[in-house]
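Undergrad: Once you've had a glance at the structure underneath, I'll fire off some questions.
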Amino acid sequence: MSFVLASFSVQAKEGDKIAIILKNANVSELSMMFNGSIELTTPQASGLSSKNQAIIILENFFKSNVPTNAVVLHETSGSTNSMIVLNLTTKNGQFRVTIKGEYKAGLGFVINEFKIT
C-alpha cells in the first residue's frame, strides 16, 4: 500500500514541475515531455502538430506572451491518463493551460494534448 501512495505522490508533482517550466517559458524542457505528435491549441494555432512544429508554435506564443507566473489549479493522476490544469499569467493577460498525458514506463509523463486558452 505504501508503494502505491509513494508512486502517486511522485506523479502528482508533475504539475508543479510544468508550472515552473511555463513560468520560465522553457519550451525546450517542456518539449522533452511531448509525444511524437501532440494535439496543440494556442490562441494563434490549433491542430495536430509534430513535436518540432509544437516547439515553434509555443516559442512564438511565449515571445508574444511573456510569463510572469504559473499556478496549478487541478491535477489528476490516473493509471492510464492524467490531466493538469494551470493558470498562466503573462504580461498580456491570463490563460488557462490544460494538459492531458499519460505515464509511460521509462519515459515518465508524456504530453499528448496541450491547450492554452
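Bear in mind these aren't lab numbers, they're just calculated from the coordinates by the rules spelled out. Given the structure is predicted, the values throughout are model-derived calculations rather than measurements. All Cβ positions, glycine included, derive from the backbone under ideal geometry; neighbour counts span all protein chains shown.
Undergrad: Let me spell out the model: positive unit charges on the Cβ of Lys and Arg, negative unit charges on the Cβ of Asp and Glu, origin at the Cα centre of the range 2-116. What dipole size does that give, in debye rounded to 20?
TA: It works out to roughly 200 debye.
Undergrad: Report ³J(HN,Hα) in whole Hz for each residue of the range 66-74, in order, from the Karplus equation J = 6.51 cos²θ - 1.76 cosθ + 1.60 where θ = phi - 60°; Gly and Pro get x.
TA: 5, x, 10, 6, 8, 10, 6, 9, 7
Undergrad: Moving on. Taking 8 Å as the Cα distance limit and 6 or more residues as the minimum spacing, I'd like the relative contact order of the chain as a percentage.
TA: 25
Undergrad: Suppose the chain between Asn24 and Asn52 were pulled fully straight at 0.36 nm per residue; how much longer would it get relative to their current alpha carbon spacing? All intermediate terms of the calculation are to be shown ahead of the outcome.
TA: On the way: separation 28, 0.36 × 28 = 10.08 nm, distance 1.94 nm.
Fully extending the segment from Asn24 to Asn52 adds 8.1 nm.
Undergrad: Out of residues 5 or more away from Thr42 or on other chains, whose amide H comes under 5 Å of its own, with H placed 1.01 Å from N in the peptide plane?
TA: Residues meeting the amide H criterion: Ile116.
Undergrad: What angle, in degrees between 0 and 90 and rounded to the nearest 10, separates the Cα long axis of helix 51-64 from the longest principal axis of the Cα atoms of the chain?
TA: Taking Cα atoms only, the helix is inclined about 60 degrees.
Undergrad: Sorted by mean Cβ packing within 10 Å, highest first, what order do the peptides 66-73, 45-52 take? Before the final figure, lay out each step's value.
TA: On the way: 66-73: 15.1, 45-52: 13.5.
Ranking, from highest mean packing down: 66-73, 45-52.
Undergrad: Next question, about the same structure. Using a basic spin-label model with each label point 7 Å from the Cα along Cα→Cβ, how many nm lie between Asn81 and Thr117?
TA: Spacing of the two 7 Å Cα→Cβ label points: 1.5 nm.
Undergrad: State the three equivalent ellipsoid semi-axes of the chain, derived from the C-alpha gyration tensor as the square roots of 5 times its eigenvalues, in descending order and whole Å.
TA: Listed largest to smallest, the semi-axes of the chain are 24, 16, 11 Å.
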